[in-house]
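Quick one: this structure, given as structure tokens, is what I'll be asking you about.
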Amino acid sequence: MVRSASRGWVRSAVKLTNKNVLITGANAGLGYETALDFAERDARVIIACRDESKAAAAKEQIQKATGSQKIFTRRLDLSSFSSIRQFSEDFNRTEDRLDILINNAGIMKHPQAKTEDGFEMHFGVNHLGPFLLTNLLLDIMKTNKGGRIVNVSSIVNYLGRIKWSDLNWEKRRYSPMGAYNASKLMNVLFTRELANRIRGLGITTNSIHPGVVNTTLNRTGGQDLSIMGRLTDFIFNQNFLTISPKQGAQCQIYAAIAPELQNVSGKYFSGCRKLPVGFWNATSSKSAARLWKISEELTGLKS
Ligand SMILES: NC(=O)c1ccc[n+]([C@@H]2O[C@H](COP(=O)([O-])OP(=O)(O)OC[C@H]3O[C@@H](n4cnc5c(N)ncnc54)[C@H](OP(=O)(O)O)[C@@H]3O)[C@@H](O)[C@H]2O)c1
């Protein structure tokens, strides 16, 4: 099949009429641009954000730009299991379908902190939260064939190391970048294991790296004096080294709508192209299964 993207840009005019899409963290950056694109494609777009006033502002802006009357906001805080459970319960009760889920929201280089449920912040917000959310929305996704789940990871998954005996960074010196890199590796492992588990259900899942994008991601106030931390600060402070949020959003849009990816699952994309998933750490089926089992226990999906 012909590729529907070139030079990192989606060229497809695919419409999403009658499709229900959910994007986490869609009030800013990549999530906002993705919501805008989907609205232009006539989707019914639900933007899930932790801050209701930011969500309302984004909705108004998207409505103004596209004329769409099909933008809806819902409150979702990925650092709280009770918020995720409440969100999913309301969603499953009031919506009748879910065609595209973009697990986009994330934090980077956060100062050391715990989520409401006591997990290291990157581990909780970037991995455990989307893990729980996705699992709680699988049933509604299954009701229609062709559903797609896109997990927004990062190229730093290549550097990710998971210390299984200290997932919450309690037994070693905290590294904001180390915690972020590990959480982005988890996004890739989660995607691989999820793809295995949903095979045959008519749903696919892929993970992506958006590029280095000029967004607010590097503004959580965490200090990381490692080479990686300093390099990240340097790159995010030089506009010419980053791409625009609109360009950065292309890969997640591609993974969500490209006709040629209809049956592609468990893969990793960047620049709207399939790339090797990473090194041994990202390709280990044992690690993917182990992470799934631990996550099920920690989120209370399985006790
Ligand atoms: N920018 C890059 O260069 C880059 C590179 C690789 C990967 N990524 C990934 O791309 C994704 C989007 O990041 P971005 O660059 O667009 O950053 P961004 O502009 O900072 O957007 C992040 C979004 O996530 C939301 N969020 C943060 N914590 C949350 C929570 N606890 N519950 C719900 N929502 C929460 C933010 O909400 P608030 O506005 O309320 O904070 C915001 O809407 C992230 O997963 C990131 O890891 C980005």
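The values are calculated or read from the model by the stated rules, or taken from the named source; none is laboratory data. What you see is a predicted model, and the numbers here were worked out from it, not measured in a lab. All Cβ positions, even for glycine, are placed from backbone atoms using ideal geometry, and neighbour counts span all protein chains on display. With ligands, DNA and RNA removed, areas are computed over all heavy atoms of the protein, side chains included. Shrake-Rupley method; radii C 1.70, N 1.55, O 1.52, S 1.80 Å.
With all protein chains present and a 1.4 Å probe, how do Arg3, Arg173 order by accessible area, largest first?
Accessible-area ranking of Arg3, Arg173, largest first: Arg173, Arg3.
Top to bottom by accessible area (1.4 Å), largest first, where do Phe131, Phe234, Phe72 land?
If we order Phe131, Phe234, Phe72 from most to least accessible, we get Phe234, Phe72, Phe131.
So, one more: For the range 149-205, which whole percent of the accessible surface, found with a 1.4 angstrom probe, sits on carbon and sulfur atoms?
Working: 1040 of 2140 Å².
On the range 149-205, the fraction of accessible area on carbon and sulfur atoms equals 48 percent.
At a 1.4 Å probe, what is the % contribution of carbon and sulfur to the accessible area of the range 1-143?
After summing per-atom areas, the C and S share lands at 46 percent.
With a 1.4 Å probe and every protein chain left in place, work out the accessible area per residue of the chain in Å², rounded to a whole number.
Details: 13620 Å² over 303 residues.
About 45 Å² of surface per residue is accessible.
Mean-square fluctuation check for the chain, GNM, Cα pairs under 10 Å: which of Lys171, Lys145, Lys15 is largest?
Lys171
From the phi of every residue in the range 99-104, what ³J(HN,Hα) in whole Hz does the Karplus formula 6.51 cos²θ - 1.76 cosθ + 1.60 yield, where θ is phi - 60° and glycine or proline is x?
Per residue, the Karplus-derived 3J(HN,Hα) values read 9, 9, 10, 10, 7, 9 Hz.
HN-Hα J couplings of the range 254-262 from phi, Karplus 6.51/-1.76/1.60, θ = phi - 60°, integer Hz, Gly and Pro as x?
So the Karplus estimates, Gly and Pro as x, are 4, 4, 7, 10, 4, x, 6, 9, 3 Hz.
Could you give the distance between the Cα centres of the range 87-129 and the range 269-301, to the whole Å?
Centre-to-centre distance over Cα atoms comes out at 17 Å.
Decide, for the range 200-303, between rounded, prolate and oblate: order the square roots of the alpha carbon gyration tensor eigenvalues as a ≥ b ≥ c, take rounded if a/c falls under 1.5, and otherwise choose prolate if a/b is larger than b/c, else oblate.
Here the range 200-303 falls in the oblate category.
With the cut-off at 26 Å, tell me which of the pairs Lys54/Lys293; Lys19/Lys64; Lys163/Lys286; Lys163/Lys302; Lys70/Lys274; Lys70/Lys293 have Cα atoms farther apart than that.
Lys54/Lys293; Lys70/Lys274; Lys70/Lys293
Next up: With charges set only on the Cβ (+1 for Lys and Arg, -1 for Asp and Glu), what does the dipole of the chain come to about its Cα centre, in debye to the nearest 20? Can you show the working numbers first?
Values: 41 positive and 25 negative charges, 167 e Å.
Its charge dipole is roughly 800 debye.
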